[in-house]
Each structure stands twice: as structure tokens, then as C-alpha cells.
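Shown next, in C-alpha cells, is the structure this report addresses.
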Amino acid sequence: MKNLWPVAAWLNYQRKAVTRYKVHSPFVYKLIDEVFRDKTQHIEYRSLNRIRERYARRTDRIETMDFGTAAGDKNYITRVTTVGKIVRQRTHSRKKLEFLYRMSQRFKPGTILEFGTAAGISALYLGKGSPDSRMITMEGCMGLAAVARKSFKKRKLNIEIEVGDFDAILDKVLTQTDQLDMVFLDGNHRMNPTIEYFEKCLSKANENSVFMFDDIHWSRGMSKAWKAIKKDKRVTLSIDLYWIGLVFFRPDITKQDFVIRY
Ligand SMILES: C[S@@+](CC[C@H](N)C(=O)[O-])C[C@H]1O[C@@H](n2cnc3c(N)ncnc32)[C@H](O)[C@@H]1O
């Protein structure tokens, strides 16, 4: 049966979402104005968007292992497809990728951790947004990780790729990381794993960290995960943009939850 949850969640979002004029938090107002709504054509966009388009047209074939929701009830399934098809199916739109670039540029995180590299496109935007950050990205599919690794090497980017199931490699990645200033969770969009990854990453969060959860209304389970994450007492600020949810841990804010249209 077709998943109608995103439609219901979209209507709910439309009903609740407010514009910046209804936002009284100076921090959030500035974020909307200077990051979410920033229309500057940043110089890096052009080359990044060109790479995304070029990868979306690639016809070379790879064997992929599908994890997470793509594998249904199984741990993973394998199939042969083209790099272009994977990029078209799994990578975000230009608008969303440019948003990630601006988030990274704005917060200049010391360390960024991404769950779900695929062909490495979003990692490029995050990495280019803040070139001095340590960028780590995790991917379970070896074929895709190889495509991403080649891309980073070609562009002389020092982006670290950890290959394996998140469940198997996350603990090791966390022991090699002093702190996580930005986390982008873009893989295995299921309720329990999402909450578990959040909990684990929290051990490395600091008061200036920002965690970003993709597809928070993709399914009923993901909406429930988002609700649980927002409720966590360590989260002081949550922002729902429908396609992505952001949480902050800043101590100078009394707990607030926003649904924003921008
Ligand atoms: C939506 S795609 C990531 C897209 C990428 N962030 C981008 O925008 O270019 C999600 C990726 O997460 C990987 N993934 C999902 N569940 C996983 C798991 N449990 N362990 C490792 N990788 C996983 C999939 O193989 C897939 O490539």
C-alpha cells in the first residue's frame, strides 16, 4: 500500500508552520533570515551543482547494497544499477543541498558526521561550506563508498569515509572523535535506529552542536522518532522544516519548538 503518511504530515505542517514574523527568538529569526532564506548565489554553488548534475547523468554500472528502508525487512539487498540512477534517487535537490552548504558555512563545525554518503554529493556541499572542518561520512554500500572516495580524492578533499553498517561502525567512529559539532542523519530512516543514533551521537555533542535529521515525516515511525528527539531534555531548541529537522543544545535558550515556513 502507498505510504500516505507524508501527505498527512505535509498538511499538518502547512497548518502549523509560521513565518519569521511570528518568531520571537533572536537566534532563530537570524537563522531564518541569514541561512534558511539566504538567496546569495555563493560562488561554490556553481561547481557543486555542476558535479551533482554530472553524477546524475553517469551511466557506469555498480553493484549496490541497499540498507535501511530501501531493503525493507531485510538487513540489505544487492542489485546492479547505474551511478546516475542512485544519485537521482538518493541525493537531495539543489535547493536542499545548498541549504546544507549554508548550514555548514554558518556554523563552521569543528567536526561534521554524516550518516549516509551514497555517491558523496551532500558530503561535498557540507565539506565545501566549511573547508576547515573535519568531515566524516559513513556508508554501508562498498560500491557507493568507492565512487565517493574517488570523487573526494579527485577534488583533493580530505573527507573521511567509514564503510560498514552504521550499527557496526558507529561506536568505533565515535571513539575516534572528540566531539561532534554537526551531525547530518541521512540514512536508515526508521524510528528505533534514528533514536539510537541520536542517543549515541549525543555523547559527543556540545552546547553549540547542531544535529540535522533528514526526512522527519517520511513515515509515521520517523515522525515518532522526531517527536522523541525533540522531547529529550538535552534539546533546548528544535526546528521542523518538514523535509528536515534541526536540534540545538544551547543553554541560553529556554526549551522551544518551532515549525517554520521559509
Ligand atoms: C539517502 S542516501 C544518502 C544521500 C546522500 N547523503 C546525499 O544526499 O548525497 C542514504 C544512504 O545511506 C546508506 N545507508 C542506509 N542505511 C544504512 C545503514 N544501516 N548502514 C550503512 N549505510 C546505510 C544507504 O546505502 C544510502 O546510500
Checklist entry - Does Ser122 satisfy being hydroxyl-bearing (Ser, Thr, Tyr) and in contact (Cβ under 8 Å) with a residue 60 or more places away in the chain? => result yes
Checklist entry - Could you list, in sequence order, the residues of segment 1-17 that are in contact with a Lys or Arg (Cβ under 7 Å, 6 or more places away or on another chain) and either surrounded by fewer than 13 Cβ atoms within 10 Å (Cβ to Cβ) or within 25 Å of Gln105 (Cβ to Cβ) (or both)? => result Ala17
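This table checks each residue for (1) small (Gly, Ala, Ser); (2) in a loop (DSSP other than H, G, I, E, B); (3) within 26 Å of Gly187 (Cα to Cα).
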| residue | (1), (2), (3) |
| --- | --- |
| Thr40 | no, yes, no |
| Ser47 | yes, no, yes |
| Lys96 | no, no, yes |
| Phe99 | no, no, yes |
Checklist entry - Quick one: is Thr81 in a loop (DSSP other than H, G, I, E, B), more than 21 Å from Ile169 (Cα to Cα) and among the β-branched types (Val, Ile, Thr)? => result no
Checklist entry - Can you spot a residue in segment 222-229 that is of a type in the set (D, E, K, R) and within 12 Å of Phe211 (Cα to Cα)? => result no
Item to check | Verdict on Pro131 being touching a strand residue (DSSP E or B) at 6+ places or on another chain (Cβ under 7 Å), more than 13 Å from the ligand (Cβ to nearest atom) and either polar (S, T, N, Q) or part of a loop (DSSP other than H, G, I, E, B) (or both) | outcome: no
Checklist entry - What's the number of the condition Leu100 fails, among (1) touching a Gly at 6+ places or on another chain (Cβ under 6 Å); (2) closer than 18 Å to Ser151 by Cβ? => result (1)
Next on the checklist: Just to be sure before I move on: is Glu162 in a strand (DSSP E or B), in contact (Cβ under 8 Å) with a residue 24 or more places away in the chain, charged (D, E, K, R) and exposed (fewer than 15 other Cβ atoms within 10 Å of the Cβ) in the structure I sent?
Outcome noted: no
Item to check | Those residues of segment 87-98 which are near the ligand (Cβ under 7 Å from one of its atoms) and either in contact with a strand residue (DSSP E or B) (Cβ under 9 Å, 6 or more places away or on another chain) or among the acidic types (Asp, Glu) (or both), in sequence order | outcome: His92
Checklist entry - (1) of a type outside the set (A, V, I, L, M, F, W, C); (2) in contact with a strand residue (DSSP E or B) (Cβ under 8 Å, 6 or more places away or on another chain); (3) under 22 Å from Val18 (Cα atoms): which one isn't true of Tyr262, the others all being true? => result (2)
Item to check | Residue check, Ser122 assigned to a helix (DSSP H, G or I), within 12 Å of the ligand (Cβ to nearest atom), among the small types (Gly, Ala, Ser) and touching a His at 6+ places or on another chain (Cβ under 8 Å) | outcome: yes
Checklist outcome for this item: Subset of segment 190-214, residues within 14 Å of the ligand (Cβ to nearest atom) and either under 11 Å from the mean Cα position of the chain (by Cα) or assigned to a strand (DSSP E or B) (or both), comes to Met212, Phe213, Asp214
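Only the coordinates and a few stated rules stand behind these numbers; no lab work does. All figures in this text were calculated on a predicted structure; none of them were measured in a lab. Heads up, the Cβs are rebuilt from the backbone with ideal geometry, glycines too, and the neighbour counts pull from every protein chain shown.
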